[in-house]
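Everything below concerns the one structure shown next.
Derivation of every value follows stated rules applied to the coordinates shown; laboratory data play no part. Just so it is clear, the model here is predicted, and its values are computed rather than measured. Cβ sites come from the backbone with ideal geometry, for glycine too, and all protein chains shown count toward neighbours.
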Amino acid sequence: MGRRAPLFRRLSCFVAALLAITVFADAARAAETEFLFDALHGKTAYHAAWDRLMKLVQPTPDWLVQFNKNFDGVAGQVTDLTIDGKPYSLSFVCKPNECADHRFVVLFDGNGAHAYGALGGKDNDPAFFGSPSQAEQDAMAKAVK
């Protein structure tokens, strides 16, 4: 029995280490999942760019005004994409219970300093805000549908 105790202790330490690695890996994966409201709460550049963009969205739908008050609402995951060789982050917010028909897509440039927007839905052409290029409009139009 005396020789089993060190083996059991080593095995217990191994299992504990494996469990710790799994927990940290799951936490890292969860940290990678960022939604629009996370980006607006946590990234100063994104928040400032969003505020400038919201001043351009006229008339602003009530559901977007509500989201803009505290960033609480139906919002999408932030995804990274490349347009014309430049990095961007894309996400959206939509009207609760009517997401397919009423969606606002936001496209942040690589450092979050500038934001572009598209307001639309599956059955109507989007209105663009922030003077996006044609390639940026194409990316947002695809995300609105």
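Before moving on, here are some points about what is shown:
- Here's how it looks for His114: its modeled amide H is under 5 Å from those of Asp109, which are all 5 or more places away or on a different chain.
- Sequence-distant aspartates and glutamates (8 or more away, or on other chains) whose Cα lies within less than 12 Å of Lys43: Glu34
- Average silhouette area of region 34-144, convex hull of alpha-carbon atoms, in square nanometres: 6.1
- Charge dipole (debye, nearest 20) of region 34-144; +1 at Cβ of Lys and Arg, -1 at Cβ of Asp and Glu: 200
- Pairs from the list Lys122/Lys142; Lys55/Lys86; Lys69/Lys142 with a Cα-Cα gap above 21 Å: Lys55/Lys86; Lys69/Lys142.
- 3J(HN,Hα) along region 85-92: x, 10, x, 9, 10, 10, 7, 7 Hz, from the Karplus curve 6.51 cos²θ - 1.76 cosθ + 1.60 with θ = phi - 60°, whole Hz, x for Gly and Pro.
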